[in-house]
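Working notes, beginning with the structure itself.
The values are calculated or read from the model by the stated rules, or taken from the named source; none is laboratory data. Please read all numbers here as calculations on a predicted model, not as lab measurements. All Cβ positions, even for glycine, are placed from backbone atoms using ideal geometry, and neighbour counts span all protein chains on display. With ligands, DNA and RNA removed, areas are computed over all heavy atoms of the protein, side chains included. Shrake-Rupley method; radii C 1.70, N 1.55, O 1.52, S 1.80 Å.
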Amino acid sequence: MTPPRVLTVAGSDSGGGAGIQADLKTMLALGVHGMSVLTAVTAQNSLGVQGVWELPAEAVRAQYRSVVDDIGVQAVKTGMLGSAELVETVAELIAGTDAPAVVDPVGVSKHGDALLADSALDAVRTRLLPAATVATPNLDEVRQLTGVQVESEDDLRRAADAVLAYGPRWVLVKGGHLAGDAVDLLTDGTAAGEHWLRAPRHDNRHTHGTGCTLASAIASGLARGLTVPTAVAAAKEYVTGAIASGFALGTGIGPVDHGWRFRT
């Protein structure tokens, strides 16, 4: 029996902790068939990003069409897109695909390296976010896209509303950078559609790849037919376990453990 198919459109992380590599590991762990469209190659390790080489838009479009037109998809996940041209290309592709799309508006790496050109921000706002079933910005990305500065849980609803104004059906504002428990807000802008997700904060600095992993886990759940709230809750549980099992790799920030369920 063919498993559900999920397509990730993202950059490569040569260290294996984030990007395409994290996406495919997550998809395997969650029982779906992962496929990939590469947008950029990075030289990246536990210390940071040493180089980025973006692929041409025509190469991204050709990879996408090759997969979708023959194999088909039940969900799409986007990550690092880099330039305005790539953002616009990918937005057009996912808008024309009859499958839910999880948009992780990657702006900076875990180490603070810029992964999205300033000139691409408007394309993310006006082209990519309107095509999203679920957008999953962290607090830095919320500030970058909307100007809203989140300093406490009380600010999360205002941040979510600011992102929803650009057109995604749902937004998951990730509050992991706040003090205390790891609190995220999922909402579609209605009272009935508001869901607060809480998890204990683990004393573990090896958290490289959390955003990619969470978005891919949500896409995997949607591909399996789960509702958005159920898919997000399951993804939160999976990534919390992956963070708890994160391990040292190299001399900097290590990755989360995508295979933690196989070892418990």
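Quick notes on this one:
- Residue match in the range 44-64 (condition: out of contact with any Pro (no Cβ under 9 Å at 6 or more places or on another chain), under 20 Å from GLU88 (Cα atoms), surrounded by 18 or more Cβ atoms within 10 Å (Cβ to Cβ) and small (Gly, Ala, Ser)): no
- Matching residues, the range 208-243, being on the phi > 0 side of the Ramachandran plot and open to solvent by less than 40 Å² (accessible area, probe 1.4 Å): GLY209
- Answer residue from the range 168-189, given it is assigned to a loop (DSSP other than H, G, I, E, B) and within 15 Å of VAL228 (Cβ to Cβ) and is most open to solvent (accessible area, probe 1.4 Å) among those: ARG169
- Scope the range 1-59; condition touching a residue at least 40 places away in the same chain (Cβ under 8 Å), under 21 Å from VAL239 (Cβ atoms) and assigned to a loop (DSSP other than H, G, I, E, B); matching residues: PRO4, GLY15, GLY16, GLY17, ALA18, LEU30, GLY31, VAL32, SER46
- Odd one out for LYS25, checked against (1) within 15 Å of the chain's Cα centre (by Cα); (2) open to solvent by less than 20 Å² (accessible area, probe 1.4 Å): (2)
Quick grid of which residues meet (1) open to solvent by 20 Å² or more (accessible area, probe 1.4 Å); (2) within 29 Å of ALA244 (Cβ to Cβ); (3) at pLDDT 95 or above:
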residue	(1), (2), (3)
PRO100	yes, yes, yes
HIS111	yes, yes, no
ASN138	yes, yes, no
SER152	yes, yes, no
ASP155	yes, yes, no
TYR166	yes, no, yes
ALA191	yes, no, no
ALA199	no, yes, no
HIS206	yes, yes, no
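- Meets criteria (in contact (Cβ under 8 Å) with a residue 12 or more places away in the chain, under 21 Å from GLY34 (Cα atoms) and either aromatic (Phe, Trp, Tyr) or not in a strand (DSSP E or B) (or both)) for VAL148: no
- Conditions (1) buried (at least 23 other Cβ atoms within 10 Å of the Cβ); (2) under 26 Å from HIS177 (Cα atoms); (3) modelled with pLDDT of 95 or more; number of the one not met by PRO130: (1)
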